[in-house]
Each structure stands twice: as C-alpha cells, then as structure tokens.
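Below is one structure; the comments refer to it alone.
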Ligand SMILES: *Cc1c(COP(=O)(O)O)cnc(C)c1O
C-alpha cells in the first residue's frame, strides 16, 4: 500500500505547487495537513515515513488514541472537528492546534484546561452557511470571539478556518472567509492563518489565500466505514 500512498501524496503536492504558482504564491507558505480520520494509526506511520509532519483528526477519542499510538513519530496533531467543552482537557493534551473554536465557552474551557502547559494555537471556525446548526461562529460573531481568545492567558489566536458549504461555488465562500480573516487580523495582526480547502476544493482555497489545507481522501484513499 505504501507505493500508491506515496503516489497520491506526490500528486496532491504537485497540484498544490501548481495552484500556488497560478495564484502568484509559494507553496512553501502553505501547510498541507493530511486528514487521517477513520484510518488506523498504521497509516499515520506510513505518512510520517513519507515526510508528512501535520495530520488532522475530527473526533477527540480518535485523536487521543492515535496520538498515543503514534507517540515518537514527531507529527503535529490538528484537531478539526466539533469540540465539546468537557473534552477540552483531552483535546489540549493531544493537539498542537485546534481549528474549530466557535464559541466563547469553548475558548474558556480550552484556556482553563491548559494551566501550566505551553500555549495552544487556535483558529476561529467560521460558519459560511445560513444553517446555524453547522459548526462555526456566524461571521458577525467572530470579532468578539477573537477578542475573547486574545484576552486568554493560554491560547494563541492564529487565524480562521472554514468548510465550504455544499451547493455554492467554493471560491465565493472562500472569498467571504478571506474577509473574515481580515476581521480577525484587525484584532490580532499576526493571526494570518487561513485553514481552508479539502479534497474537492483545495485549489480554489489556495487561490483565495489558504495557508493551511486539510486534505483527506485525495491522499489517504477512501475512508473506511466510520467506527
Ligand atoms: C474530513 C475533513 C476534511 C478532509 O476531507 P476530504 O474531503 O477527505 O479531503 C477536511 N476538513 C474537515 C473539517 C473534515 O472533517
């Protein structure tokens, strides 16, 4: 299996290079996170051998279990799923970056969970749909959320994250996300990360300034059924 995995990784990286060049950007300024959800820890070992340094998980139990199994590999764990406040401590123990901060109670829980630890990098997740039930803060709420994070002792605000809504041209959604990124930078000027772009839309995300791509299936192959 390692060969096809290496091929898929190389082909995605070539597409990232091309999209960056087309946008007048350098792929050196873009972090490719491989989303490994539902896949076994052995896949993360194979990815690490291929030089992958950033992996993403969307469920706390899986993050906790796999990061323990992969101890010593030197990969950085990105938590990209909806976070429950009661899981803040476990998330904080395993993740280097939390992309999905979307409410003040979660800011406070993650901050409180980190006493005595290194600061945690976080992103404000923006809901780009009209459906309030989706993950992410509404665009008109992100300024106050950014201020809350900026005022915390143990969290470092790095930027914004979003998933492009279904049924809309992704470029239009990513353009709105770029506006939200500007709002966050008005609070914390060096919060310059934009986490956007998945298997189906990472090239459009790069065209709209994404700095962190979260790519699963195009690299890992189809996901096994959810456990
Ligand atoms: C699963 C997931 C991804 C990766 O999706 P693919 O379509 O497999 O690339 C990216 N972001 C989030 C938040 C996810 O849950």
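The values are calculated or read from the model by the stated rules, or taken from the named source; none is laboratory data. Bear in mind that the values here come from a model prediction, so they are computed numbers and not experimental data. Reconstructed Cβ throughout: ideal geometry from the backbone, glycine too, with neighbour counts over all protein chains shown.
Only one of the numbered conditions (1) within 14 Å of the ligand (Cβ to nearest atom); (2) surrounded by fewer than 18 Cβ atoms within 10 Å (Cβ to Cβ); (3) outside any helix (DSSP H, G or I) is violated by residue 15, and that is (3). Pairs under 6 Å by beta carbon, first residue in contact (Cβ under 8 Å) with a residue 60 or more places away in the chain in segment 209-227, partner assigned to a strand (DSSP E or B) and near the ligand (Cβ under 7 Å from one of its atoms), six or more apart or different chains? Every condition considered, the pairs that remain are 214/35; 214/56; 216/35.
Residues that are under 20 Å from residue 159 (Cα atoms), in contact (Cβ under 8 Å) with a residue 60 or more places away in the chain and not in a loop (DSSP other than H, G, I, E, B) do occur in segment 19-28, at least one of them.
For residue 40, the conditions (1) touching a helix residue (DSSP H, G or I) at 6+ places or on another chain (Cβ under 6 Å); (2) surrounded by fewer than 21 Cβ atoms within 10 Å (Cβ to Cβ); (3) over 17 Å from residue 213 (Cα atoms) are fulfilled apart from (1). With a requirement of 2 or more residues that are closer than 27 Å to residue 39 by Cα and within 16 Å of the ligand (Cβ to nearest atom), the helices (runs of 4 or more DSSP H) lying completely within segment 165-226 that satisfy it span 202-207, 217-220. Would segment 99-114 turn up any residue that is in contact (Cβ under 8 Å) with a residue 12 or more places away in the chain, surrounded by 15 or more Cβ atoms within 10 Å (Cβ to Cβ), closer than 19 Å to residue 53 by Cα and under 16 Å from the mean Cα position of the chain (by Cα)? Within segment 99-114 (the criterion being in contact (Cβ under 8 Å) with a residue 12 or more places away in the chain, surrounded by 15 or more Cβ atoms within 10 Å (Cβ to Cβ), closer than 19 Å to residue 53 by Cα and under 16 Å from the mean Cα position of the chain (by Cα)), the answer is yes, since at least one residue qualifies. All told, residue 158 falls short of being at pLDDT below 95, under 28 Å from residue 53 (Cβ atoms) and under 19 Å from the mean Cα position of the chain (by Cα).
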